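Please treat every number below as a calculation from the coordinates, not as lab data. Quantities reported herein were computed from a predicted structural model and do not represent experimental measurements. Note that each Cβ is placed from the backbone with ideal geometry, even for glycine, and that neighbours are counted across all protein chains shown.
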Ligand code: CA
């Protein structure tokens, strides 16, 4: 994949909203999504400005032919898995044709407009059936701040560390229930109760496109083409049970109750202009093994992507105050690239499938403002976060809403955004029904 006319900064859409400065979905982005209107079944679309191009309607109007039509058919159904399985060449053909269709001056504008649905009238779904969700640990700063010894795990600089999380609870739901969990309280008493230390983790995630057959690893040079696209991911974390359950097998129920994602799949091709150097190794750090090294990955494996987390408390909502920024970070701080994560994942012969989701891990950077979860910000609750209205938070309260945004900018290109990953915490359900604990 190379830069092409779909990245042309001079291209404008006939939709005014798509041309506004700071718009997440200009014509240079064209993220894919699955949406539904009222009681209609879910269907595939492409977001542009404040509209979604309904691929079913566009196909019916005969707006796609050839490889772009094949791709549009694969993306028009209730999940994007069929298009992910066809891979990035098909996605590229679809993108090229969609850019033509939505361009200012297109003679078919009237026909294209009839296939548009306002974002405000659409409800967005998880865009693919997630086969597996693997969550990595790619930020050296997050790992050091969360380490009880102040040391990195011995493997950290040799391989991208990960654990298998839960695909069945990847969601775009507006509310997340506080989980009921087992934990050891500060007096050392083991209890079963609503999680007291509920946290967010600001992450990026990659959607796997073409997979690999079991037993056949993916060379690093081939890995970028196996990544179909990206979204924002909130790896909700129940710190109470996480600390209690994780030795010696790692996170389990502390992570599996919910993972929120942004519903728009920003394609690998749309992000091409924003690739950057992967974080460089210093002289005293081990060189990655050959299977985790290519010059291209070192030069362009990173992504210059500004990531922001916001918090809205119930009181802020009542007062009508703007969401408070709690984290500003950038994906370029990550120690490992998504291509390295994918290649390492498959290096033992593990099969990856279209629609598998790879989380980056908390994207913290070196500065205080780039701490990307509350456990880091509040030093595990010891120094609560101060909000602009005087409220404080060590961890999340019921009614708190967490919003992530992501944006890529580079001189000479039109910036693109990811939309929002947003969800509110609702109180734990009463369970077990006849009184918790013992
Ligand atoms: Ca995580």
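So here's what we get for this one:
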quantity	calculated
Burial order of peptide ranges 103-116, 167-180, 202-215, 295-308 (average beta-carbon count within 10 Å, highest first)	202-215, 295-308, 167-180, 103-116
For the chain: relative contact order, % (alpha-carbon pairs under 8 angstrom, 6 or more apart)	20
The chain: calculated mean residue ellipticity at 222 nm from DSSP helix runs of at least 4, using -39500 (n - 2.57)	-5000 deg cm²/dmol
Where labels lie 7 Å past Cα in the beta-carbon direction, separation of residue 289 and residue 369 in nm	4.0
Value in Å of the Kirkwood radius, where the range 116-171 supplies the Cα pairs that are averaged	14.5
Angle in degrees between helix 66-75 and the longest Cα principal axis of the chain, rounded to the nearest 10	30
Ranking of 335, 310, 291 by count of other Cβ atoms within 10 Å, fewest first	291, 310, 335
Ascending count of other beta-carbon atoms within 10 Å, so fewest first, for 199, 235	235, 199
Length released on extending from residue 325 to residue 2, taking residue separation times 0.36 nm less the Cα-Cα span	112.8 nm
Overall Cα dimensions of the range 231-387 - principal axes, largest extent first, Å	53, 40, 38
Relative contact order [Cα under 8 Å, 6+ residues apart], the range 45-125, whole percent	37
Equivalent ellipsoid, the chain (semi-axes from 5 times Cα gyration tensor eigenvalues, Å)	35, 26, 21
Residue order, fewest to most surrounding Cβ atoms within 10 angstrom, among 23, 350, 421, 138	350, 23, 421, 138
Overall Cα dimensions of the range 212-288 - principal axes, largest extent first, Å	41, 40, 31
